[in-house]
Amino acid sequence: MISFHPNFPDLQAFSAGNCEPAMALMISAHVDMCPQCQQDCIEIQAEMADELFTQRSSTPPLDSQYYAMLSKITDLPVSNTTAPEVINTSIELDGKFFELPRTLRRHVKNTGNWSRLVGKLWQAPVDLGDIGKANFMYMEKGGRVPEHTHKGTEMTLVVDGQYGDGIAKYDCGDFTIMNNTHNHLPHSEADDGCLVFTIVDQPLHFTAGIARLLNPFSHLFFK
Amino acid sequence: MLVGISLETKQINSVKPIECAEEMSEYLSIIARDRCKRSFSKIFSYFAPRLRSYALKQMGNEALAMELVQDTMSNVWQKSHLFNSEKGSPSTWIFTIARNIRFDMLRKQRNRKEDVCSDDLWPILCEQTPDANEVSLDHQVTMDEIGVLFESLPEKQKLVVEAIYIDGKSQQEVANELDIPLGTVKSRTRLALQRLKEMLKDND
């Protein structure tokens, strides 16, 4: 069951077209999975549309700029509905297929190969083009990310399975934003592990134990 | 310029969208069915100028605002068959198209310099494998291995490295605590790193 949603101001900003593109992508994917937020967005957008399009004062008569635009538009062909682009609706890891929310499907073709990180943790980078970078992260059962905090923000959407992080437990569809006030240790005990989609805008900052030791040695990993 | 198409601006302007939703829905279905330019001109006359005020507020620039209006109305013209009056009003549908185009434009506007490479974001833990089949997973260094290698360091080096990299102390603090010269702390750190590097190489 989904318990973690975008907060209301973020949902409003998303509906109005006012939030950062990365945030818009995350919220859009969450909305695909969450009937409650979907309904909220429809209502917010209907309100905004009403407000925008119900202006008592009449607009000035169309000038030549609008006539030119109108004629340009009606010269356009109707979109070719016959051949919609075929896109993957799922991603695969180790023979397992994960069905993705609609918003994320168009990014499957720009998703790189899986790499194994420490322990039972897997990562596949996603090139979002103008938006930047994201990652699919997969935790096998018992997999964990070393305890860390964030210099910037980390947005995470659970695509499949469940995980916990010492703060709460997250289920499929849950959306969270973490920043430098959150210190957490994500791990999954779900039998089928957990797949998340995540965008971070600054490097993670490892806070505990042996992981901290790794920081200055990063060059050793890229021999 | 537009022969045979009259723009009944005033008439439509006086009607509130709540009341004209049905009428607009009807135009959209005629556009979808017949590609009727006259119906489109009615939709256009009503929505385009109002969209401009949204676009101006969002984009803060006349040229970009008109681009948003044009892209939105082009979508309305080309995708009118996707409008479903049971799912919402024409206003909401058109607003949502405008909102999506606004996001597209926002993305394109963004300065690429802001982008951070994902390699930087997951700096330490990532082992690059261009092709998963090429590199045996057994050969990858895991944190457990690092831990083991760390344990095998000479006691004196381990103490210094632990204090600096795990406890987060400065080299000077470590020197003071252990009552050894700063130079010794530095050399022990350097030697420990070199030794770890050698061990990782041998491990490969």
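Things worth noting here:
- The set of residues in region B:23-39 that are open to solvent by 30 Å² or more (accessible area, probe 1.4 Å), hydrophobic (A, V, I, L, M, F, W, C) and within 15 Å of B:Phe83 (Cα to Cα) comprises B:Ile30, B:Ala32.
- Some residue of region A:163-176 being modelled with pLDDT of 75 or more, closer than 20 Å to A:Glu20 by Cβ and open to solvent by 50 Å² or more (accessible area, probe 1.4 Å): no
- Residue in region A:133-154 that is of a type in the set (Gly, Ala, Ser) and within 26 Å of A:Gln36 (Cα to Cα) present: yes
- Only one of the listed residues (B:Ser152, B:Ser80) is modelled with pLDDT of 50 or more, more than 27 Å from B:Gly60 (Cβ to Cβ), surrounded by fewer than 16 Cβ atoms within 10 Å (Cβ to Cβ) and out of contact with any strand residue (DSSP E or B) (no Cβ under 9 Å at 6 or more places or on another chain). That residue is B:Ser152.
- Candidate set from region A:20-45 (those that are free of Cβ contacts under 8 Å to residues at least 12 places away in the same chain and open to solvent by 50 Å² or more (accessible area, probe 1.4 Å)); member that is farthest from the other protein chains (Cβ to nearest Cβ): A:Pro35
- Qualifying residues in region A:108-134 (those that are assigned to a strand (DSSP E or B) and among the charged types (D, E, K, R)) - the one nearest to the other protein chains (Cβ to nearest Cβ): A:Lys133
- When A:Gly112 is tested against (1) more than 23 Å from A:Ile2 (Cβ to Cβ); (2) open to solvent by 20 Å² or more (accessible area, probe 1.4 Å); (3) in contact with a Gly (Cβ under 9 Å, 6 or more places away or on another chain); (4) not basic (Lys, Arg), just one condition goes unmet, and that condition is (3).
- Residue, nearest to A:Gly17 (Cα to Cα), within region B:94-103, restricted to residues that are in contact (Cβ under 8 Å) with a residue 24 or more places away in the chain and out of contact with any Leu (no Cβ under 7 Å at 6 or more places or on another chain): B:Ile97
- Scan of region B:27-46 for residues that are at the interface with chain A (Cβ under 7 Å from one of its Cβ atoms) and either assigned to a helix (DSSP H, G or I) or within 18 Å of A:Leu52 (Cβ to Cβ) (or both), ordered by number: B:Lys37, B:Phe40, B:Ser41, B:Phe44, B:Ser45
The values are calculated or read from the model by the stated rules, or taken from the named source; none is laboratory data. Bear in mind the structure is a predicted one, so any value in this text is a computation, not a measurement. Here the Cβ is made from the backbone with ideal geometry for all residues, glycine too, and neighbour counts use every protein chain on show. We work out accessible area using only protein heavy atoms, side chains counted, and drop any ligands, DNA or RNA first. Shrake-Rupley method; radii C 1.70, N 1.55, O 1.52, S 1.80 Å.
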